[in-house]
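Reviewing the structure listed below.
The values are calculated or read from the model by the stated rules, or taken from the named source; none is laboratory data. It should be emphasised that the depicted structure is a prediction, and the values quoted were computed from it without experimental measurement. Positions of Cβ are generated from backbone atoms using ideal geometry, with glycine treated the same way; all protein chains shown enter the neighbour counts.
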């Protein structure tokens, strides 16, 4: 049940209009005792609400304290009081008290569930029933997707193992709800700190791999394509130190230069295209010299925790000596035939067409053919 604010509103509006209780009672045709009763927390008869609201020049919702401004003031008061509480358990208790008065206030329910999740494992245990109640209410009744998603993730984190699949199946289809991130959060809530951190490092690499490997939508738009490849290059450059690219990314870095060269030719920037092409080939020579199966650094330990990738394999080498997998093709593989194929195909890669007959371009084709024939 929503807590009504009628008594506060009547008192406030009466004083705003400089009316005594007797004057208000006379205007409404009730006794002064009735007005006094209302202002001390009693409720007028429901049939009186329109008359009272009209007299004050407000809506019935405003009289009930259910209008947007009243709700905004109420939230402000709630958050101000909450911020003043320094003890985590007292904060939870205060939020529970407020929630009990306003169980359909899903914003408050979301705050309460977050406060409970922030408790350590032992303190949290006592509040799991109320957490479940709040989350289930939000999931079943709230239309605000953000609140629903938070509730689902929190249940995934704290539920028993036999319930996990049920809650996980409710996760919305977005990047923040992928299985590995949900599992990372679950490990953290279970206070398996090292395991959660390791999953965090793996997930960071997976997110980066997804970004660097997803197909762009810049066909027939060489300017956008070139900018896309250049920005991906900058991301890889950020991963290294002192201008040095981590070895694991040399193949992808070469590939991005190759594709940016093609885009540059498509824009008529011939000299820029050849500079990029030369860099692509020089990098690729270094990349192909690295033996298959070599464990390669992917970047700063603060980003990836020492996780390494194995060249030409769908595997990660973890700091504890165990192996995990990645499912992204193209970043850590040699594709010795790729450059030669796309530089000589009859259809596709049309941005090369403007230079295919150039002597310089044909020299690069010969180099690409040598890579393709090398075993």
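Give the residue, chosen from 330, 293, 321, that is at pLDDT below 95, assigned to a loop (DSSP other than H, G, I, E, B), under 30 Å from residue 195 (Cα atoms) and in contact with a helix residue (DSSP H, G or I) (Cβ under 7 Å, 6 or more places away or on another chain).
330
Among what's in region 30-54 and is at pLDDT 90 or above and not in a helix (DSSP H, G or I), pick the residue that is nearest to residue 64 (Cα to Cα).
30
When you check residue 206 against the structure, is it touching a helix residue (DSSP H, G or I) at 6+ places or on another chain (Cβ under 6 Å), in a helix (DSSP H, G or I) and over 19 Å from residue 290 (Cβ atoms), yes or no?
Working: touching a helix residue (DSSP H, G or I) at 6+ places or on another chain (Cβ under 6 Å): no; in a helix (DSSP H, G or I): yes; over 19 Å from residue 290 (Cβ atoms): yes.
In short, no.
Select from region 333-354 the residues that are surrounded by 11 or more Cβ atoms within 10 Å (Cβ to Cβ) and assigned to a loop (DSSP other than H, G, I, E, B) and write down the one among them that is modelled with the highest pLDDT. Steps first, answer last, please.
Of region 333-354, the ones surrounded by 11 or more Cβ atoms within 10 Å (Cβ to Cβ) are 333-345, 349-352, 354.
Next, from what is left, pick out any that are assigned to a loop (DSSP other than H, G, I, E, B): 333-337, 345, 349.
Values: 333: 80, 334: 79, 335: 77, 336: 78, 337: 83, 345: 85, 349: 89.
Applying the filter and picking the extreme gives 349.
Being modelled with pLDDT of 90 or more and either closer than 22 Å to residue 253 by Cα or in the same structural domain as residue 252 (by TED's automatic domain parsing) (or both) is the requirement here; does residue 360 meet it?
Here the answer is yes, as residue 360 does meet what is asked.
Taking region 161-203, which residues are over 27 Å from residue 123 (Cβ atoms) and outside any helix (DSSP H, G or I)?
Of everything in region 161-203, those that are over 27 Å from residue 123 (Cβ atoms) and outside any helix (DSSP H, G or I) turn out to be 169, 172, 173, 174, 178.
Between 90, 86, which is loosely packed, with under 15 Cβ neighbours inside 10 Å, modelled with pLDDT of 70 or more and in a helix (DSSP H, G or I)?
90 is the lone residue from the list that is loosely packed, with under 15 Cβ neighbours inside 10 Å, modelled with pLDDT of 70 or more and in a helix (DSSP H, G or I).
Considering only region 212-227, state which residues are touching a helix residue (DSSP H, G or I) at 6+ places or on another chain (Cβ under 7 Å), free of Cβ contacts under 8 Å to residues at least 60 places away in the same chain and either part of a helix (DSSP H, G or I) or buried (at least 19 other Cβ atoms within 10 Å of the Cβ) (or both).
225, 226
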